[in-house]
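The values are calculated or read from the model by the stated rules, or taken from the named source; none is laboratory data. Keep in mind the model is a prediction, meaning the values are calculated, not measured. Here the Cβ positions follow ideal geometry from the backbone for every residue, glycine too, while neighbour counts run over all protein chains shown. Just the protein is used for accessible areas: all its heavy atoms, side chains included, with ligands, DNA and RNA removed. Shrake-Rupley method; radii C 1.70, N 1.55, O 1.52, S 1.80 Å.
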Amino acid sequence: GMYVTPAARGTGAADAILAALVDHARGRVRQLQLTVMADNLRARAFYERHGFTLYAVEPASVRRGDSYDDEALMWRPL
């Protein structure tokens, strides 16, 4: 999982972390895949800015208390 503390949000920290991950993976793997809560539009937009594309939504895949929520599956070729 990826998390940036509220104090670090807006500083470019998340961009730097993801850019470092992509640079490290390049030449080692052909693609990156991730999952994110489908209702987390801010996170989805962040990953889209970094070249990830939504390819599926897995319904009711994550339990949160008494409810089940959808998870978005995203990928990016390297």
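Figures for the structure shown
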{"read-out": "Qualifying residues in segment 33-49 (those that are of a type outside the set (Asp, Glu) and in a helix (DSSP H, G or I)) - the one surrounded by the fewest Cβ atoms within 10 Å (Cβ to Cβ)", "value": "Arg42"}
{"read-out": "Unique residue being over 10 Å from the mean Cα position of the chain (by Cα), on the phi < 0 side of the Ramachandran plot and open to solvent by 70 Å² or more (accessible area, probe 1.4 Å) when the list is Arg30, Arg76", "value": "Arg30"}
{"read-out": "Filtered residue count, segment 1-27, keeping only those that are in a helix (DSSP H, G or I), of a type outside the set (Gly, Ala, Ser) and open to solvent by 30 Å² or more (accessible area, probe 1.4 Å)", "value": "6"}
{"read-out": "Scope segment 62-78; condition in a strand (DSSP E or B) and without any contact (Cβ under 8 Å) to a residue 12 or more places away in the chain; matching residues", "value": "Arg63, Arg64, Ser67, Tyr68"}
